[in-house]
Amino acid sequence: MATYDGLFDALGLREWCDASDTRKTTTSMADLLASTGKVEETSILDLPFPSLDALNDACAAVIESRDVTKGVENGFLAIKDTLRVVLDPLTQPLSWILDGALATFEVIPWFFMFPLLALVVWFASKSLRLVGFVMVCLVFLAFVDLYDHAMQTLAIIFVCAFLCVVFGVPIGIAMSRNNRLQRAIIPVLDMLQTLPPFVYLIPLIFLFSVTEPKLYGIAIILYAIVPVIRLTDLGIRLVDKDVIEAADSFGMTDRQKLFGVQIPLALPNIMAGVNQTIMMSLAMVVIASLVSAPGLGVLVLRGIRNLELGVGLVSGLGIVLLAIILDRVTKAALDRVNAAQKH
Amino acid sequence: MSDNVKVSIRNLYKIFGANPQAALKHVLDGMSKADLLKTNGHVLGLRDINADMREGEITVIMGLSGSGKSTLIRHLNRLIEPTSGEVGVDGEDVLAYGEEKLRDMRRQVMSMVFQKFALLPHRTVAENAGTTLGVRGVSKREYLAEADKWLDRVGLHGFGNHYPHQLSGGMQQRVGIARALTSNSPIMLMDEAFSALDPLIRTDMQDLLLELQKELHKTIIFITHDLDEALKLADHLVILKDGYVVQQGEPQHILLNPNDPYIEDFVSDINRARVLRVRSIMTPLDGQPVPPDAHGEVGYDDTLESMIARSGGDTSHRYIVMRDGQPAGTLDMTNLVKALVPRVASEAAARKY
Ligand SMILES: Nc1ncnc2c1ncn2[C@@H]1O[C@H](COP(=O)(O)OP(=O)(O)O)[C@@H](O)[C@H]1O
Ligand SMILES: [Mg+2]
């Protein structure tokens with residue numbers, strides 16, 4: 001006897017229920033329990049929520065909730081092929097770029113790489129102290145044989161953060177100029193930011209094969225692009241109205257205004273967005289090791305899987321060091337931009 | 001100076017709100033600014049403005065905060081579009097301009113100076129001053145040379161490579177003025193350009209502007225809420241209140257003949273002796289012979305303050321007013337003393353007896 005039998009009887013739906021009754025081809029745990037012969041003492045406290053499964057017990061015409069998940073799955077599988085035909089070629093360059101970047105970082109020997117990175121840090125921050133700090137961190141990483149993995153992680157972050165900026169800044173600019181577009185995009189950004197990173201991976205795994213770099217590339221970009229879009233939009237909207245008015249009064253075209261006034265004045269905010277984007281890429285690249293992203297995340301994962309405590313902790317420390325390096329360098333670049341345009 | 005009208009405004013109305021055309025009907029039927037806001041939720045920015053701004057003159061638009069000064073000046077270069085009316089520059093209808101032509105006008109004909117300076121913080125002082133040429137596509141080398149020239153002229157020699165934030169407020173506004181001058185446009189719009197500055201620096205800037213004007217003869221439209229500043233700079237004074245023109249004309253004339261309590265209020269607490277000039281209160285000769293009993297000759301443009309000092313306060317003295325070396329009129333010290341009393345006071349006195 002199911003709890004809601006009475007409900008369907010009262011509504012006069014019994015016939016409709018029984019008409020489609022194919023009578024349990026599967027046996028549920030509850031049925032098994034019931035068949036043990038114990039008479040259940042029913043109290044009002046045991047009243048189950050009228051969920052699909054509870055209703056299905058009473059009336060076979062009602063679908064079970066696993067039919068819902070099955071339906072979603074079937075729906076997704078049905079559009080998967082079309083989606084793939086469109087998305088596969090569009091995203092293929094991402095795989096090439098990631099492969100290229102990984103190969104490049106691998107090919108460059110460490111004794112070229114160190115000065116190269118030092119130079120990059122110097123140009124971003126103009127601070128010798130920071131260059132020294134970054135070098136010490138890298139030497140340490142190399143010393144404990146994490147150099148290759150760290151470089152793979154770095155290569156992926158460079159590519160993904162760069163692409164986030166390439167796509168995110170124009171999207172942010174478009175949003176700042178069009179209120180309707182802004183209203184449409186903000187919920188999408190909210191969703192991307194609040195979804196747990198693992199959830200992105202599920203549809204992506206079905207769409208692309210797990211061995212392709214673009215799989216984790218897309219996951220990282222989707223996750224990390226949000227701050228740069230948000231802060232570009234915000235930054236441009238916050239540009240001093242008086243300065244915009246002045247630009248108009250001198251007869252600037254929209255283009256001159258965008259590149260000569262709005263973007264430069266929004267730069268501190270945009271840079272803050274880039275900083276966050278890079279940090280989020282790093283967070284995601286570790287998780288993306290689940291779907292074959294190389295780098296320090298692989299070692300962390302090995303530590304968890306094989307209970308190799310030392311490997312997991314040391315590579316975790318490596319990730320922390322990378323995070324500190326990336327944060328310090330982008331913050332230093334941001335400070336330089338800020339200092340250049342104090343009001 | 002000439003009598004050419006450079007900028008003319010005819011029957012200009014501006015209403016802020018969702019449906020300005022509908023609100024305009026009420027305004028034309030005579031609804032007041034307060035009523036329009038209460039019953040329609042529209043803000044009456046400007047009501048039936050008519051004004052001519054002459055070539056080579058400084059036209060000052062004065063009014064309290066919220067009286068519509070900024071709204072009015074922004075109609076000249078169409079940073080704000082009117083609800084109805086006409087704006088003419090050099091006899092051309094500015095409102096008929098398309099986007100391209102409007103941009104050309106903003107680049108070549110009018111340049112603007114702002115209350116909060118509105119400099120670009122990421123560009124050097126010289127680059128800022130050159131912006132107005134830069135937008136026209138003039139090469140950087142050329143516009144920096146021109147900018148340096150004008151920076152020198154406004155007293156900022158050697159500051160070209162500084163950034164705006166390294167400069168004081170007064171110096172930043174000098175950059176603002178240099179930027180407007182670099183464009184070499186005949187018309188300058190100045191919206192409370194000196195209002196954000198300390199009083200002493202403000203006086204310096206006013207002197208600088210008058211000195212530049214003596215040489216450059218621009219058509220300047222200058223906005224202020226400060227009567228002293230208005231009287232110091234204005235060739236023509238337009239007084240705004242709640243979006244309409246209360247009185248306009250030669251400043252000395254307005255001072256001596258205010259036609260509205262609003263203006264009397266404005267006028268009542270200024271130092272009249274320092275502002276009024278001999279020419280405004282003298283008795284013209286009109287072919288009469290020069291009186292023989294005069295105590296001396298005085299200048300046509302002297303202030304009354306200097307006259308009082310000169311006469312030692314003796315009200316019986318009488319002077320001959322000289323203009324360009326010729327006698328033009330006579331000045332009785334008794335008339336001078338009368339002119340020092342604001343009209344409100346004199347009327348109140350008259351009513352008493
Ligand atoms: N964009 C706008 N929307 C609504 N009302 C406005 C707008 N701009 C100005 N106003 C109103 O128009 C009037 C005149 O403003 P403004 O020209 O700035 O005055 P002023 O420069 O003399 O202080 C004020 O009542 C102000 O509130
Ligand atoms: Mg104003």
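The values are calculated or read from the model by the stated rules, or taken from the named source; none is laboratory data. These figures come from a predicted structure and were not determined experimentally. So basically every Cβ, Gly included, is an ideal-geometry build from the backbone, and we count neighbours across all protein chains shown. Just the protein is used for accessible areas: all its heavy atoms, side chains included, with ligands, DNA and RNA removed. Shrake-Rupley method; radii C 1.70, N 1.55, O 1.52, S 1.80 Å.
Remark: relative contact order (chain A) = 18 percent; criterion is Cα-Cα distance under 8 angstrom and separation of 6 or more residues. Could you tell me what percent of the accessible area of the protein assembly as shown is made up of carbon and sulfur, with a 1.4 Å probe and every protein chain present? Answer for the protein assembly as shown is 59 percent, counting heavy atoms of protein chains only. Residue-normalised convex hull volume from the C-alpha trace of the range B:87-136: 99 Å³ per residue.
Among B:Val341, B:Val60, B:Val275, the largest mean-square fluctuation in a Gaussian network model of chain B, built with springs joining Cα atoms closer than 10 Å, belongs to B:Val341. At each listed q (0.18, 0.20, 0.21 Å⁻¹), what is the log10 of I(q)/I(0) that the Debye formula gives for the range B:51-99 modelled as equal alpha-carbon point scatterers? Log-scaled intensity ratios, in q order: -0.65, -0.79, -0.86.
Here the Kirkwood formula puts the hydrodynamic radius of the range B:272-339 at 11.7 Å, using every distinct Cα pair.
Seen from a random direction on average, the alpha-carbon convex hull of the range B:1-136 projects onto 10.4 square nanometres.
Note that the range B:232-237 has calculated 3J(HN,Hα) couplings of 5, 9, 6, 8, 9, 10 Hz, one per residue in order, obtained from phi through the Karplus relation 6.51 cos²θ - 1.76 cosθ + 1.60 (θ = phi - 60°); glycine and proline are x.
Net charge in the neighbourhood of B:Gly30 (other residues with Cβ under 14 Å of its Cβ; Lys, Arg +1, Asp, Glu -1) is -1. Computing FRET efficiency as 1/(1 + (r/R0)^6) for A:Arg177 and A:Trp16, where r is the C-beta to C-beta distance and R0 is 60 Å, gives about 0.60. The protection proxy used here, the mean number of other Cβ atoms lying within 10 Å of each residue, ranks peptides B:180-192, B:25-37, B:81-93 as follows, highest first: B:180-192, B:81-93, B:25-37.
For a modelled paramagnetic label at B:Glu92, 7 Å from Cα along Cα-to-Cβ, the residues of the range B:1-28 in reach, with backbone nitrogen under 15 Å, are B:6-8.
Per residue, the accessible area of the range B:94-180 comes to 42 Å², computed with a 1.4 Å probe over protein heavy atoms only. For chain A, modelled as a Gaussian network with Cα springs under 10 Å, which listed residue fluctuates most, A:Gly235, A:Gly251, A:Gly172? Maximum among the listed residues: A:Gly251. For A:Arg84, neighbours were defined as the other residues whose beta-carbon sits under 13 Å from its Cβ, and their charges (Lys and Arg +1, Asp and Glu -1) total -1.
Note on chain B: dipole from Cβ charges, positive end direction compared against B:Ala339, B:Leu28, B:Ile9; the farthest Cα belongs to B:Leu28. In the full protein context, the range A:229-299 carries 33 Å² of accessible surface per residue, based on a 1.4 Å probe and ignoring ligands, DNA and RNA.
So what's the back-of-envelope 222 nm ellipticity for chain B, counting only DSSP H runs of four-plus at -39500 (n - 2.57) apiece and dividing by all residues, rounded to 500?
Estimated from H runs of four or more residues: -11500 deg cm²/dmol.
Taking chain A, the Cys residues with no second Cys beta-carbon under 4.7 angstrom are A:Cys137, A:Cys160, A:Cys164. Between A:Asn338 and B:Lys25, the modelled label-to-label distance comes to 5.6 nm, taking each label 7 Å out from Cα in the direction of the beta carbon. Kindly state, to the nearest 0.05, the FRET efficiency for B:Asp286 paired with B:His217, given R0 = 35 Å and r defined as their beta-carbon distance. E(calc), rounded to 0.05, equals 0.65.
Straight-distance candidates among the lysines for linking to B:Lys101, with alpha-carbon spacing under 28 Å and chain neighbours fewer than 8 residues away dropped: A:Lys241, A:Lys257, B:Lys6, B:Lys14, B:Lys69, B:Lys116, B:Lys140, B:Lys218.
The Rg/Rh ratio for the range A:250-343 is 1.24, where Rg is the radius of gyration of the alpha carbons and Rh is the Kirkwood radius. The H on the amide N of B:Val321, modeled in the peptide plane, is under 5 Å from the matching H of B:Val298, B:Ala328, B:Gly329, B:Thr330, B:Leu331, each at least 5 residues off or on a different chain.
When B and A come together, around 1800 square angstrom of accessible surface is lost from both chains combined, probe 1.4 Å. For the residues of A:251-260, the average number of beta carbons from a partner chain within 10 Å of their own beta carbon is 4.
Of chain A, which part is the longest with no GluC sites (Glu not before Pro) in a loop (DSSP not H, G, I, E, B) and with at most 10 other C-beta atoms within 10 angstrom?
A:42-343
Across the range B:99-113, computed HN-Hα scalar couplings (Karplus, 6.51 cos²θ - 1.76 cosθ + 1.60, θ = phi - 60°) run 4, 4, 5, 4, 5, 4, 4, 5, 7, 9, 9, 10, 10, 10, 10 Hz from first to last residue, x flagging Gly and Pro.
Report the FRET efficiency, 1/(1 + (r/R0)^6), for B:His157 and B:Ser65, where r is their Cβ-Cβ distance and R0 is 35 Å, rounded to 0.05. Efficiency for this residue pair is about 0.45.
Only the Cβ atoms of Lys and Arg (+1) and of Asp and Glu (-1) were treated as charged; on that basis the dipole of the protein assembly as shown about its Cα centre amounts to roughly 1160 debye. Per residue of B:111-119, other chain Cβ atoms within 10 Å of the residue Cβ number 4 on average. For the segment A:237-246, counting C-beta atoms of other chains within 10 Å of every residue's C-beta and taking the mean gives 4.
With the simple spin-label model, which puts each label point 7 Å out from Cα in the Cβ direction, the A:Met191 to A:Thr3 separation comes to 3.3 nm. The label point for A:Val320 and the one for A:Val72, both projected 7 Å from the Cα toward the Cβ, are 3.7 nm apart.
Normalised by residue number, the volume inside the convex hull of the Cα atoms of the range B:206-280 is 101 Å³ per residue. Normalised by 2.2 N^0.38 Å, where N counts its residues, the alpha-carbon radius of gyration of the protein assembly as shown equals 1.47. Using the Karplus relation 6.51 cos²θ - 1.76 cosθ + 1.60 with θ = phi - 60°, the per-residue 3J(HN,Hα) values for the range A:156-172 come to 5, 5, 4, 4, 5, 5, 4, 5, 4, 5, 4, 8, x, 4, x, 5, x Hz, with x marking Gly and Pro. Considering only A:Ala161, A:Ala288, A:Ala247, the Gaussian network model of chain A with Cα springs below 10 Å gives its largest mean-square fluctuation to A:Ala247.
In terms of its C-alpha gyration tensor, the range A:70-342 comes out oblate, because a/c is 1.5 or above while a/b does not outweigh b/c.
Please state, to two decimals, what the Cα-based radius of gyration of chain B comes to when divided by 2.2 N^0.38 Å (N = residues). Don't jump to the answer; show the numbers that get you there.
On the way: Rg = 23.0 Å, N = 353, 2.2 N^0.38 = 20.4 Å.
That ratio works out to 1.12.
Each other residue within a Cβ distance under 13 Å of A:Met151 adds +1 if Lys or Arg and -1 if Asp or Glu, for a net charge of -3.
For the range B:50-97, a drop of 20 Å² or more in accessible area on going from the chain alone to the assembled protein chains (1.4 Å probe) is found at B:Arg74, B:Leu79.
Principal axis analysis of the Cα atoms in the range A:246-298 yields extents of 57, 16, 11 Å, listed in decreasing size. A 1.4 Å probe run over the protein chains yields, for the range B:255-324, 55 Å² of accessible area per residue, whole-number rounding.
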